[in-house]
Amino acid sequence: MNPQNNIPVQLGEFVPDRTALITGITGQDGSYLAEFLLSKGYRVAGIVRRLSSPNFTNLTGIVDRVELIDGDLMDQSSLNHSVQSTSPDEVYNLGAQSFVAASFTQPVLTGEITGLGTLRLLEAVRVNAPRARVYHASSSEMFGQVETEPQDESTPFHPRSPYGVAKVYAYWACVNYREAYAMFAANGILFNHESPRRGLEFVTRKITDGVARIATGKADTLTLGNLDARRDWGYAPDYVELMWRTLQAKRPGDFVGATGESHTVREFVQEAFKVAGIERWEDHLRTDPRYNRPSEVFNLRGNPVKAERELGWEAKTRFKDLVRIMVAADLERYRKSSK
């Protein structure tokens, strides 16, 4: 940020009434982004996979304000149709098979959706809306086995899961389309960002949900895998603003989004039990090696200085506040269900 007037130094002029197309709009990030863009006057469209039982829970309150289009990152024709029918000014690619553990049991599917799905979307934009600005959700999992800390935009990639490998492919696909076709294609290398909308399969939500169940008498124990893995955890609503700011820059680039601090899974557990008012947390915690990854990522901590300097962005919500928000939401949910 500009030290004299605190104004972002490289953002272009924002024009209201733009159209944004979002893949993964029903997920955690997609729903928060849709709300954010609607608040800025965007027309918002989202690509959703047709399911036998559609789940629009995260879009509660805005589902009648967004346009939902049937499509799939594995189907080129549906992506072409989605781009043609919406003529977007901005495209946000948040759709993926994003659960790391599942990528070990479904590596090919993960590669098709998370890796090649990004390429298909880039091609749909190149052919049908070449002037649209594209944001791609990259991941700190691309760094994997790190040798330097913190990690920034120049840190080498060494992914440790099929998910991380697929994200590396997608990252370089964006760079290639930017260089080969002069497209505005940008990567957001976001470190872990959580919220009450996080899926229950992810460790942070598994913790807060489990602690809430214990606090409300619905369970007695919480079982996890590696408690010593360290992550840079932020709050998802903060990070969707970074996505938007990335596409308002004068030139396309790649940006790390992070808090700059890391905590272990054990610390997250301790803080969650503390928020719930449970002192002897060790009595309720179990570990099971079945939940460990075949190849672990031990320590991820991001350096967001480039995003701070060029986009005027910083993570506002710190670790303890994040845990408090998530535990409080799960406690409220279980208490309501008991009435």
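Observations on the structure shown:
- Residues of the range 218-227 include at least one that is outside any loop (DSSP other than H, G, I, E, B), touching a Lys or Arg at 6+ places or on another chain (Cβ under 6 Å), among the hydroxyl-bearing types (S, T, Y) and surrounded by fewer than 22 Cβ atoms within 10 Å (Cβ to Cβ).
- All positions within the range 220-266 that are under 28 Å from P294 (Cβ atoms), in contact with a Ser or Thr (Cβ under 9 Å, 6 or more places away or on another chain) and among the charged types (D, E, K, R): D228, R230, R231, D232
- Scanning the range 239-284 for residues that are open to solvent by 20 Å² or more (accessible area, probe 1.4 Å), assigned to a helix (DSSP H, G or I), of a type outside the set (K, R) and within 16 Å of A137 (Cα to Cα) returns E241, W244.
- Residue-level check: of (1) within 18 Å of G302 (Cα to Cα); (2) at pLDDT 95 or above; (3) not basic (K, R), I207 misses just (1).
- Count of the range 285-303 residues, restricted to those that are closer than 19 Å to L322 by Cα and either open to solvent by less than 30 Å² (accessible area, probe 1.4 Å) or among the aromatic types (F, W, Y) (or both), is 2.
- Close pairs (8 angstrom Cβ cut-off, 6 or more residues apart or separate chains): surrounded by fewer than 17 Cβ atoms within 10 Å (Cβ to Cβ) in the range 167-186, among the charged types (D, E, K, R) and part of a helix (DSSP H, G or I) anywhere: Y181/R126
- Residue within the range 102-117 that is open to solvent by less than 50 Å² (accessible area, probe 1.4 Å), in contact with a helix residue (DSSP H, G or I) (Cβ under 9 Å, 6 or more places away or on another chain) and part of a loop (DSSP other than H, G, I, E, B) present: no
- Residues of the range 42-70 that turn out to be modelled with pLDDT of 95 or more and assigned to a loop (DSSP other than H, G, I, E, B), as a count: 3
- Test: R205 is basic (K, R), open to solvent by 10 Å² or more (accessible area, probe 1.4 Å) and either assigned to a loop (DSSP other than H, G, I, E, B) or touching a helix residue (DSSP H, G or I) at 6+ places or on another chain (Cβ under 6 Å) (or both): no
- Qualifying position, being open to solvent by less than 40 Å² (accessible area, probe 1.4 Å), in contact (Cβ under 8 Å) with a residue 60 or more places away in the chain and basic (K, R), among R198, R231: R231
- Every pair of residues 6+ apart whose Cβ atoms lie under 6 Å, when the first sits in the range 134-156 and is touching a residue at least 12 places away in the same chain (Cβ under 8 Å) and on the phi > 0 side of the Ramachandran plot while the second is open to solvent by 10 Å² or more (accessible area, probe 1.4 Å) and in a loop (DSSP other than H, G, I, E, B): G144/H158; G144/P159; G144/R160
The values are calculated or read from the model by the stated rules, or taken from the named source; none is laboratory data. If you're wondering where the values come from, they're calculated on a predicted model, not measured in any experiment. Virtual Cβ from ideal backbone geometry, glycine too; neighbours counted across all protein chains shown. What goes into the accessible areas is simple: the full protein's heavy atoms, side chains included, and nothing from ligands, DNA or RNA. Shrake-Rupley method; radii C 1.70, N 1.55, O 1.52, S 1.80 Å.
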